[in-house]
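S.K.: Input: one structure, supplied below.
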Amino acid sequence: MKKSHVFVLAVLIAVGSALGTYALTRTTELGVQARTASSKNTDTIVAARTRQLNAVQASLRKALAKKPPPLPPLPKIKASPPQTAPRVYVSPPAPVTRVAAPAPVVRRAAPVKQARQAPTHEREHESSGGEHDD
């Protein structure tokens, strides 16, 4: 590698490490500031929510102390005769019609002519009057 390339790479690494260190210090400073600010804000938020919850709790205790009004009487209903289940029309099952199966088709095979078979053994071959293959 040329010396100029080495120098450029060294400068780039130095700049990158400097920027990284700066970003790290800024982040840690912001974290400390956020913790102190959030603890102050959290205390005020918790105090406000506690006051709201105490008010709701007091209103619930007051509502429990009061006796609810009596329910209105139920209306009287005339006794009606017991109703039977409604009739449902069900169509009768369709009649089953059986269709006769078609008659089987009979095909007659043509008569087979028996071909003369070649003898399978030498002795049969001799008896048929052929020549010897010795």
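S.K.: Quick test for you: out of PRO68, PRO93, PRO86, PRO73, pick the one residue that is more than 50 Å from the chain's Cα centre (by Cα) and free of Cβ contacts under 8 Å to residues at least 40 places away in the same chain.
M.R.: It is PRO73.
S.K.: Residue under question is ALA10, and the condition is that it be in a helix (DSSP H, G or I) and either hydroxyl-bearing (Ser, Thr, Tyr) or at pLDDT 95 or above (or both); does it hold?
M.R.: Answer is yes for this residue.
S.K.: Which condition from (1) surrounded by 10 or more Cβ atoms within 10 Å (Cβ to Cβ); (2) at pLDDT 75 or above is the one that LEU74 breaks?
M.R.: So the condition that LEU74 fails would be (1).
The values are calculated or read from the model by the stated rules, or taken from the named source; none is laboratory data. The model shown is predicted, which means the values in this text are computed figures rather than measured ones. Cβ: placed from backbone, ideal geometry, glycine included. Neighbour counts: every protein chain shown.
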